[in-house]
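Reviewing the structure listed below.
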Amino acid sequence: PFPPKPKSKSALFLLGIRIIKAVVSTQSTGRNEKTLAIIKPDAVSKVGPILERICKEGIKFCNAKMVNLSKLEAAAFYAEHAGKHFFDELIEFIVSAPIIVLELMGDNVISRWRNIIGPTNASEARSKVPQSLRALYGSNGTANACHGSDSPKSAEREIEFFFGSERRPAGTAALSGTLCLVKPHSIEGGNTGKIVSQITEAGYEISGMEMFNLDRANAEEFLEIYKGVVTEYSQMVTELCSGPCLAIEILGEHKEFREFVGPADPEIARHLRPKTIRAKYGKDKIFNSIHCTDLPEDVGLEIEYFFRILSQ
């Protein structure tokens, strides 16, 4: 048989044009778009339900961090509003307590997220879009629960501000609590918000939060204590570096939180403690929803590994 005839230069040129048009079309229609979301000081206590809403809408998390803004950082972020009558009040409010910043991704996510949070003024939101986040958790035009980028250009600038390679706002971890690590399969399965809600509804205070993408070397180092101890060690490492994980610093007594999470084996948890996190959202000893520190002497080491070493 004869070899296939090479495509002509004109055919290859037309193919290239089609590929370029496809890429431009994807960008212009907002597919796999990114935006920045901020959970403001007045709504941080509602982070669980807000994350649940994001998951329910099919929007993905690319990045997350709880931060404290300085006045200089806040003024730089809101520079476009400098000189407006509400600027000083806005700056004072946004630096008054920790905020949670999220990089979100999804089709047309800029407009979708702004629809989810509702009109800028919470009073207007309650009358026009009563199920919007600002209607549910906001108070007025400044303390209005959430922020969302208003354009692709703004989203790019705002994401770079919090998650770029330059100096970023400091995290809030006190390096004195206990670690809760939401595993990749829980995030992929859309259970992040439900897990965080269960934690906060039980009265635990979240003092630090950050999303990480571990490589295998990081995962092996973090889980080294289990090497040679549990037969699932290699599979545990593979799961932990299979996607993003969410590290949460919990203020509270280590032993109490460990009992709250449930037995490491979800099957045992479902029989003995069916209301625990692992009983509800775990599958087996590898995919058991979250990691929490096992030994009291490792509490400080695990917190510092994520919030001091990896965070930098």
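The values are calculated or read from the model by the stated rules, or taken from the named source; none is laboratory data. Being a predicted model, the structure only gives us computed values, none of them experimental. Positions of Cβ are backbone-derived with ideal geometry, glycine not excepted, and every protein chain shown enters the neighbour counts. Surface areas here come from the heavy atoms of the whole protein model, side chains and all, with no ligands, DNA or RNA. Shrake-Rupley method; radii C 1.70, N 1.55, O 1.52, S 1.80 Å.
The table that follows gives values for the structure above.
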read-out: Residue check, S149 farther than 29 Å from F306 by Cα and not β-branched (V, I, T); value: no
read-out: Hey, F287 touching a Leu at 6+ places or on another chain (Cβ under 7 Å) and touching a residue at least 60 places away in the same chain (Cβ under 8 Å) or not; value: no
read-out: Top-ranked residue in the stretch 121-134 [being within 23 Å of the chain's Cα centre (by Cα) and open to solvent by 10 Å² or more (accessible area, probe 1.4 Å); ranked as nearest to A37 (Cα to Cα)]; value: R134
read-out: Boolean, N213 is open to solvent by 60 Å² or more (accessible area, probe 1.4 Å), modelled with pLDDT of 95 or more, within 20 Å of S289 (Cβ to Cβ) and not acidic (D, E); value: yes
read-out: Neighbours by Cβ (under 8 Å, 6+ apart or cross-chain): first from the stretch 267-280, in contact (Cβ under 8 Å) with a residue 24 or more places away in the chain and β-branched (V, I, T); second in a helix (DSSP H, G or I) and open to solvent by less than 100 Å² (accessible area, probe 1.4 Å); value: I277/I195; I277/Q198; I277/I199; I277/F260; I277/V261
read-out: Every residue from the stretch 274-286 that is in a loop (DSSP other than H, G, I, E, B), of a type in the set (D, E, K, R) and either open to solvent by less than 80 Å² (accessible area, probe 1.4 Å) or over 21 Å from T192 (Cβ atoms) (or both); value: D284
read-out: Test: residue in the stretch 136-146 that is in contact with a Lys or Arg (Cβ under 6 Å, 6 or more places away or on another chain), under 22 Å from V44 (Cβ atoms) and open to solvent by 10 Å² or more (accessible area, probe 1.4 Å); value: yes
read-out: Yes/no for G164 being of a type outside the set (D, E, K, R), open to solvent by less than 30 Å² (accessible area, probe 1.4 Å) and touching a helix residue (DSSP H, G or I) at 6+ places or on another chain (Cβ under 6 Å); value: no
read-out: Close pairs (8 angstrom Cβ cut-off, 6 or more residues apart or separate chains): part of a helix (DSSP H, G or I) in the stretch 74-99, polar (S, T, N, Q) anywhere; value: E89/T142; L90/T142; F93/T142
read-out: Identity of the residue in the stretch 167-203, in a helix (DSSP H, G or I), open to solvent by less than 20 Å² (accessible area, probe 1.4 Å) and not small (G, A, S), that ends up nearest to K56 (Cα to Cα); value: T192
read-out: Answer residue from the stretch 44-62, given it is part of a loop (DSSP other than H, G, I, E, B) and of a type outside the set (D, E) and is most open to solvent (accessible area, probe 1.4 Å) among those; value: G58
read-out: Residue list for the stretch 240-270, filter: exposed (fewer than 15 other Cβ atoms within 10 Å of the Cβ), touching a Pro at 6+ places or on another chain (Cβ under 9 Å) and assigned to a helix (DSSP H, G or I); value: K255
